[in-house]
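So the structure is just underneath, and the comments pick up after that.
Any read-out appearing in this document is the output of simple, stated calculations on the displayed coordinates, not a laboratory observation. Since the model is a prediction, treat every value here as computed from it, not as a measurement. FYI the Cβ positions are ideal-geometry reconstructions off the backbone, even for glycines, and counts take in every protein chain you see.
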Amino acid sequence: MSTTIAVVLFVAVTAYALFGGADFGAGFWDLIAGGAKRGERPREVIDHSIGPVWEANHVWLIFVFVVLWTGFPDAYASITLTLFVPLTLAAFGIVLRGSSFAFRKTVFRTRDRRNFGAAFAISSVLVPYCFGTVAGAVASGRVPAGGVAGDPWTSWVNPTSVLGGVLAVVVAAYLAAVYLVCDARRISDPSMAAYFRVRAEVAAVVAGLVAIPGIFILRSDARYLFDGLTSRALPLVIASAICGTASLFLLRRGTADRYARAFSMAAVVSVVVGWGVAQWPYILPTSLKVSAAAAPSGTLNALLVATIGAVVIVLPGFILLYVLDQRSLLPGEGVTTPAEAEQPA
Amino acid sequence: MSGTVLSGVVQPIFAVNPVPWARAQMAFTLAFHIILVPLGVSWAAMALIANYRGVKHNDTEAMKLAQRWSKYMAVTFAVGAVTGTVLTFEFGLLWPRFMGQWGEAFGVPFAFEGLFFFTEAIFIAIYIYGWRRLKPWTHFWTGVPVVLTGILGSVSVVAANAWMNSPSGFTLDSNGNVTKVDPMKVIFNDAMPLMAAHMVMAAYIVGGFLVASVYAAGMLRGRRDRYHRVGFIIAFSVAAVATPIQMGVGDSLARWTYNNQPIKFAAIELVPQTASDVPETLFGHLNSDGTVSGGIPIPGLASWLSDPTDGTATVIQGLDTVPADQRPTTSQVNTVHLSWDIMVGLGTMLFLLSAWYWLCWIFKRRMPKSRAFLTLAAGAGVASVVTMEAGWVVSEVGRQPWIVYNLMKVEDAATGNTGVWITFLLVVALYIGLGITTVLILRKMSKRARDGDVSEDQVPYGPNGPPPPTPEREPVTVS
């Protein structure tokens, strides 16, 4: 039973990486899109792309927290006690990001838009970085079990955490760029499609370049994770590399966007799942096992019911939202597609 | 904690007792979030009422209201969503020992809250962004889940809070660890039905009065067109329906507290020693020596209200029946009592205002139009927020020093991180900025709408997707 809930937890983490991650990545591209004039069109495409879906994307995080604190309260207490600083930074980032994204769309003056846009974009980088360091801290065994705090600083300022943070930002950027290529093609904007395709390729290459020294970092700094990644989780690591490469190849061909996006998602899914498999059976390597951390069975049953509820109620809604969004039935405000622009107002 | 150089330097500066700061931060962020909750819960319902009128009766003003409200809602919902997310961080960051000890029970309602909030976030996005391209009735129905999940979500959160007041549904071993959990008993704990009803009603009252107050202010400035009238009537009616219900719910909840949380009740009614024939003291305060001074006592009323069947002979348990470390401090008692007076006082005034409104409808078949009424209605928004905040203070401060009633104290629940005072100051600065910006943005949006912003007013209702080009206004077909 505790295994089932641990799987649910990891599914939620993966979903957050896929959907929330792409959102953060979009913020990253917004950040480096350049001045008001040059960056105008990319920012429009980004707004258009994440406008209707960002809030739903971030509920995955709440789900992760809820499953963690209800299903594995001891682990949650240890994580929050130890990683007070990066989690606080992430919380601040989330406030800034969400509110300034909502505000930016409602103001028209360039100066206001720039300020809100900057807050949105900077926090889009800060938040995934912090979460990456948290993942690194957990995976490298720096969060002790038993409700005692680990080191408040070195727990997240260490080689594995920095690797986790940088990878989180880069992978999010890669994922977002792939999605944005598809979105740009959907609104028939070939120049923007090309713009984001180049960025997807750069991000993928950077991710690869970060991952290679990462192997050696993990070998010396997070031995349990490293052993897992190079043994039972190895197929997933290889699958991730193959899927990532395949997505770039398909994007370049330009005829199979849907598959390119699917492969990019598969690449991220296999990395995140690989992390989970590598640190199994621990929730906090190597001091707390999933089975030992789990709440009583009554609680786990309730979580299972909530999960089934999520599959029955939330999933169809989530799919509906995405289908409507992909069919441009949720146009939002402010963005005109070329097709709409031709229409008499 | 650690021997690293960095920590060694930083520790002494940070070494401040985290408990009061954690308390302050939680209180502040919750006090902020609770203002946005009513808008998230009830505004969608009001927008749907307007939307229904708009589609069914081809009422252009109502339709315009629904569209604008949904735009404002997008802003308040976003701010509510992020401030709510912060709370999920804070449970762990500020109260890790509470979560570690009780998470398996306390967390259960949140699993369902997550479910409802997720659904709400999905459908509110569809509703807000779907005006232009979805068919009118399809679009209307995408708003309905928002209303339902808003109610269910707040019920779930309050269930968790109610559990802190009335913990049940678990078994403890000899070390005090939770060994068995009965999720149904956790969620449907004793305090939950009344507390949840009280909060949902509060959400409709505050949301209604807040929105109505904007239109009342507009009417006072001479904008007495139909648009303002319809906006006012929809919002004010919602609040004015909920207010009388709330009087009944609140009264039942007070009696529940009398029976189940006697010390909280003693703080509310300012009762230092157990007695019968207890007066209802308006204002006044408790002194540290256990005497009450000041205030206007109404003889026997507190006893009578606690149990009308026994009348003024009803005995009310005093604060001194439990040791000092198991009841609120003197200043906390005074805070609870004052907040109670504010809640009941303002609540009664809002009830009278609602009565005025309904009597006018009954006798004159129209809403009251006098300046006096509109002035009061314009103030009702802020007044209802103050009322709700006061009620929340009664509930939370009245539970002190317990975080889980009679089982765990707040001071034993807090984090050991001594830097909380810094995060508190940062949170206050960030939230003040956030609050001011939200208000400014909403005002700006409303001003823009009033000045006749072309891009907004030309948003036609219904499908006008690129292929095929459709006329400006689709004839609304009613089935």
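So how do B:Leu338, A:Leu89, A:Leu225, B:Leu440 line up by other beta-carbon neighbours within 10 Å, fewest first? Mind dumping the intermediate values first?
Values: B:Leu338 17, A:Leu89 20, A:Leu225 25, B:Leu440 12.
Least to most surrounded, the residues fall as B:Leu440, B:Leu338, A:Leu89, A:Leu225.
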*Cα convex hull of region A:2-330: how many Å³ per residue?*
123 Å³
*Just add up the charged neighbours of B:Ala159: K/R +1, D/E -1, any other residue whose Cβ is under 13 Å from the Cβ of B:Ala159.*
-1
_Cut-off under 5 Å, modelled amide H: who pairs with A:Leu288 long-range_ = A:Ile283
_Under 5 Å, built H, 5+ apart or other chain: amide partners of B:Ile298_ = B:Glu280, B:Thr281, B:Leu282
*Anisotropy class of the protein assembly as shown from Cα gyration tensor, a/c 1.5 cut*: oblate
_Quick check: the distance between the Cα centres of region B:183-238 and region A:207-263, to the nearest angstrom?_
51 Å
*If you project the alpha carbons of region B:195-324 onto the principal axes, what extent comes out on each, in Å, largest first?*
59, 28, 26
*Alpha carbon convex hull of region B:62-101, projected area averaged over orientations, nm²*: 3.4 nm²
*Dipole of region A:187-345 (Lys/Arg Cβ +1, Asp/Glu Cβ -1, origin at the Cα centre): which of A:Leu248, A:Pro213, A:Val272 lies farthest to the positive side?*
A:Pro213
*Taking one equal scatterer on every alpha-carbon of region B:84-189, how large is log10 of I(q)/I(0) by Debye at q = 0.16, 0.19, 0.21 1/Å?*
-0.75, -0.93, -1.05
*Non-local amide H neighbours of B:Lys180 (under 5 Å, H modeled in plane, Pro and chain starts lacking H): which ones?*
B:Thr171
*Sorted peptide list for B:86-99, A:314-327, criterion being average Cβ within 10 angstrom, highest first*: B:86-99, A:314-327
_On Cα atoms only, tilt of A:190-221 relative to the major axis of chain A in degrees_ = 20 degrees
_Between A:Val138, A:Val11, A:Val312, where does the largest GNM mean-square fluctuation fall for chain A, given springs only between Cα atoms within less than 10 Å?_
A:Val312
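Once R0 is set to 30 Å, what does the formula 1/(1 + (r/R0)^6) return for the Cβ-Cβ distance between A:Val305 and B:Glu411, expressed as a FRET efficiency to the nearest 0.05?
0.30
For region A:86-233, how big is the tail of P(r) above 18 Å, as a whole percent of Cα pairs?
Numbers: 7312 of 10878 pairs.
For region A:86-233, the fraction of Cα-Cα distances above 18 Å is 67 percent.
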_Among A:Pro296, A:Gly150, A:Gly39 - extreme Cα towards positive end, dipole of chain A, charges at beta-carbon_ = A:Gly39
_Integer Hz, Karplus 6.51/-1.76/1.60 couplings in order for region B:113-124, x for Gly and Pro_ = 4, x, 4, 5, 5, 4, 4, 4, 4, 5, 6, 5
*Once you average over the residues of A:144-151, how many Cβ atoms of partner chains fall within 10 Å of each Cβ?*
3
*asked:* Cut-off under 13 Å on the C-alpha distance; same-chain residues fewer than 8 positions from A:Lys289 excluded. Which aspartates and glutamates are left, in chain and number order?
replied: A:Asp74
*Which value, in debye to the nearest 20, describes the size of the charge dipole of region A:2-330 about its Cα centre when Lys and Arg Cβ atoms bear +1, Asp and Glu Cβ atoms bear -1, and nothing else is charged?*
800 debye
*Across region A:287-301, in residue order, what do the Karplus-derived ³J(HN,Hα) couplings come to in whole Hz, using 6.51 cos²θ - 1.76 cosθ + 1.60 with θ = phi - 60° and x for Gly and Pro?*
10, 9, 7, 3, 5, 6, 7, 5, 6, x, 4, x, 5, 5, 4
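Which entries of B:Lys185/B:Lys264; B:Lys71/B:Lys447; B:Lys64/B:Lys447; A:Lys105/B:Lys447; B:Lys56/B:Lys447; A:Lys37/B:Lys444 have Cα-Cα distances beyond 19 Å here? Write down the numbers at each step before the final one.
Details: B:Lys185/B:Lys264 23 Å; B:Lys71/B:Lys447 13 Å; B:Lys64/B:Lys447 15 Å; A:Lys105/B:Lys447 16 Å; B:Lys56/B:Lys447 28 Å; A:Lys37/B:Lys444 25 Å.
Check vs 19 Å cut-off fails for B:Lys185/B:Lys264; B:Lys56/B:Lys447; A:Lys37/B:Lys444.
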_Just to confirm a number: summing +1 for Lys and Arg and -1 for Asp and Glu over residues other than A:Val59 whose beta-carbon lies under 15 angstrom from that of A:Val59, what do you get?_
-3
*asked:* Using the Cα centre of the protein assembly as shown as the reference point, and only Cβ charges (+1 on K/R, -1 on D/E), how large is the resulting charge dipole? Debye, rounded to the nearest 20.
replied: 2760 debye
*Name the residue farthest towards the positive end of the dipole of region A:2-330 from the options A:Val178, A:Ala193, A:Ala22, assuming +1 on Cβ of Lys and Arg, -1 on Cβ of Asp and Glu, about the Cα centre.*
A:Ala193
*Taking chain A as a Gaussian network, where each spring joins two C-alpha atoms under 10 Å apart, which residue of A:Arg261, A:Arg114, A:Arg185 fluctuates the most?*
A:Arg114
*Mind pulling the angle between the C-alpha long axis of helix B:192-220 and the longest principal axis of chain B? Nearest 10 degrees, somewhere in 0 to 90.*
50 degrees
*chain B: C-alpha pair distances exceeding 35 Å, %*: 40 percent
*asked:* Net charge around B:Ile298, counting only other residues with Cβ within less than 15 Å of its Cβ (Lys, Arg = +1; Asp, Glu = -1)?
replied: -4
